[in-house]
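Novice: One structure, as structure tokens, below. Some questions next.
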Amino acid sequence: MGKQKKARKYATMKRMLSLRDERLKEKDRLKPKKKEKKDPSALKEREVPQHPSCLFFQYNTQLGPPYHILVDTNFINFSIKAKLDLVQSMMDCLYAKCIPCITDCVMAEIEKLGQKYRVALRIAKDPRFERLPCTHKGTYADDCLVQRVTQHKCYIVATVDRDLKRRIRKIPGVPIMYISNHRYNIERMPDDYGAPRF
């Protein structure tokens, strides 16, 4: 009779000692974890998000003329495509003085776009635009704008980016400016601010 071939076992592991095994020396052995008993009389701490004092329900009391408008990269590009002057069109939309603000991240994004978007870069460097310095790492403008708007609710966000709009809609009291029909429109702006809408 021929020699019987043994089928090879796949994915077999080498048998190892458990770290809690008695045969191991005391110093190599894993120590059992002690459970801490919770004191029932101790006060339970809960983290509740702090609501900003500037909000009266959905009404933001910090918003008022002159309006500070945080401008996104694509908002400048789409304004150029629609042949709109940024500052003038903002004033036509809100019937009040507007100060466009540009963060370092947005400026870095426009510079990265290269020679094709040099007109956008020239507009962004306009002296009428207020420059906001960024202290965080990286140059992702969407996160920067969301973070800034969450901390200080005195801004209107100007963007045509769907994802950014969706993120900002979750933050109460922050209006969104967007472009439609070759003019600027405002979303979530209560009628009590500024002049009446028609």
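The values are calculated or read from the model by the stated rules, or taken from the named source; none is laboratory data. Keep in mind that what you see is a predicted model, and the values were worked out from it rather than measured. Every residue, glycine among them, receives a Cβ derived from its backbone with ideal geometry; neighbour counts consider all protein chains shown. Heavy atoms of the whole protein, side chains included, go into the accessibility calculation; ligands, DNA and RNA do not. Shrake-Rupley method; radii C 1.70, N 1.55, O 1.52, S 1.80 Å.
Novice: In contact (Cβ under 8 Å) with a residue 60 or more places away in the chain and over 23 Å from C54 (Cβ atoms): is that true of I123 in this structure? First the steps, then the outcome.
Specialist: Numbers: in contact (Cβ under 8 Å) with a residue 60 or more places away in the chain: no; over 23 Å from C54 (Cβ atoms): yes.
For I123, the condition - in contact (Cβ under 8 Å) with a residue 60 or more places away in the chain and over 23 Å from C54 (Cβ atoms) - is not met.
Novice: Return the residues of the range 42-100 that are in a loop (DSSP other than H, G, I, E, B), acidic (D, E) and at pLDDT 80 or above; say none if nothing qualifies. Working first, answer last.
Specialist: Of all residues in the range 42-100, those in a loop (DSSP other than H, G, I, E, B) come to 42-54, 57-58, 61-66, 72, 82-85, 95-97.
Still in the running and acidic (D, E): 45, 47, 72, 85.
Of everything in the range 42-100, those that are in a loop (DSSP other than H, G, I, E, B), acidic (D, E) and at pLDDT 80 or above turn out to be D72, D85.
Novice: Among the residues of the range 179-198, are any more than 22 Å from A82 (Cα to Cα), modelled with pLDDT of 90 or more and either touching a Gly at 6+ places or on another chain (Cβ under 9 Å) or surrounded by 15 or more Cβ atoms within 10 Å (Cβ to Cβ) (or both)? Break it down into steps so the answer makes sense when it comes.
Specialist: Quick first cut of the range 179-198, residues more than 22 Å from A82 (Cα to Cα) only: 188-198.
Filter once more, keeping what is modelled with pLDDT of 90 or more: none.
The answer is no; no qualifying residue exists.
The rows are residues; the columns are (1) of a type in the set (D, E); (2) closer than 15 Å to F78 by Cα; (3) outside any helix (DSSP H, G or I); (4) open to solvent by less than 50 Å² (accessible area, probe 1.4 Å).
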residue: V106; (1), (2), (3), (4): no, yes, no, yes
residue: K116; (1), (2), (3), (4): no, yes, no, no
residue: V119; (1), (2), (3), (4): no, yes, no, no
residue: V146; (1), (2), (3), (4): no, no, no, yes
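Novice: Sticking with this one: Would you confirm whether any residue within the range 134-148 is within 20 Å of D85 (Cα to Cα) and either modelled with pLDDT under 90 or in contact with a Pro (Cβ under 9 Å, 6 or more places away or on another chain) (or both)?
Specialist: To start, the set of residues in the range 134-148 that are within 20 Å of D85 (Cα to Cα) comprises none.
Within the range 134-148 (the criterion being within 20 Å of D85 (Cα to Cα) and either modelled with pLDDT under 90 or in contact with a Pro (Cβ under 9 Å, 6 or more places away or on another chain) (or both)), the answer is no, since none of the residues qualifies.
Novice: In the range 164-173, how many are in contact with a Phe, Trp or Tyr (Cβ under 9 Å, 6 or more places away or on another chain) and either part of a helix (DSSP H, G or I) or open to solvent by 40 Å² or more (accessible area, probe 1.4 Å) (or both)?
Specialist: Filtering the range 164-173 for residues in contact with a Phe, Trp or Tyr (Cβ under 9 Å, 6 or more places away or on another chain) gives 165, 172-173.
Pick out the ones that are also either part of a helix (DSSP H, G or I) or open to solvent by 40 Å² or more (accessible area, probe 1.4 Å) (or both) and you get 165, 172.
Of the residues in the range 164-173, 2 are in contact with a Phe, Trp or Tyr (Cβ under 9 Å, 6 or more places away or on another chain) and either part of a helix (DSSP H, G or I) or open to solvent by 40 Å² or more (accessible area, probe 1.4 Å) (or both).
Novice: Could you tell me whether K34 is charged (D, E, K, R), more than 30 Å from C144 (Cα to Cα) and either open to solvent by 100 Å² or more (accessible area, probe 1.4 Å) or assigned to a helix (DSSP H, G or I) (or both)? Spell out how you get there, then give the answer.
Specialist: Numbers: charged (D, E, K, R): yes; more than 30 Å from C144 (Cα to Cα): yes; either open to solvent by 100 Å² or more (accessible area, probe 1.4 Å) or assigned to a helix (DSSP H, G or I) (or both): yes.
So K34 passes the test.
Novice: Which residue out of Y59, Y95, Y67 is touching a residue at least 24 places away in the same chain (Cβ under 8 Å), open to solvent by 80 Å² or more (accessible area, probe 1.4 Å) and not polar (S, T, N, Q)? I'd like the intermediate steps shown before the answer.
Specialist: Numbers: Y59 fails: open to solvent by 80 Å² or more (accessible area, probe 1.4 Å); Y67 fails: open to solvent by 80 Å² or more (accessible area, probe 1.4 Å).
Y95 is the lone residue from the list that is touching a residue at least 24 places away in the same chain (Cβ under 8 Å), open to solvent by 80 Å² or more (accessible area, probe 1.4 Å) and not polar (S, T, N, Q).
Novice: Follow-up. Could you tell me whether D161 is surrounded by 14 or more Cβ atoms within 10 Å (Cβ to Cβ), touching a Phe, Trp or Tyr at 6+ places or on another chain (Cβ under 9 Å) and among the acidic types (D, E)? First the steps, then the outcome.
Specialist: On the way: surrounded by 14 or more Cβ atoms within 10 Å (Cβ to Cβ): yes; touching a Phe, Trp or Tyr at 6+ places or on another chain (Cβ under 9 Å): yes; among the acidic types (D, E): yes.
So D161 fits the description; yes.
Novice: Tell me, please, whether a residue that is acidic (D, E), in contact (Cβ under 8 Å) with a residue 60 or more places away in the chain and under 19 Å from Y67 (Cβ atoms) can be found in the range 145-161. Break it down into steps so the answer makes sense when it comes.
Specialist: Here is the first cut: in the range 145-161, the ones acidic (D, E) are 161.
Now restrict to residues that are in contact (Cβ under 8 Å) with a residue 60 or more places away in the chain: 161.
Narrowing the set further to residues that are under 19 Å from Y67 (Cβ atoms) leaves none.
The answer is no; no qualifying residue exists.
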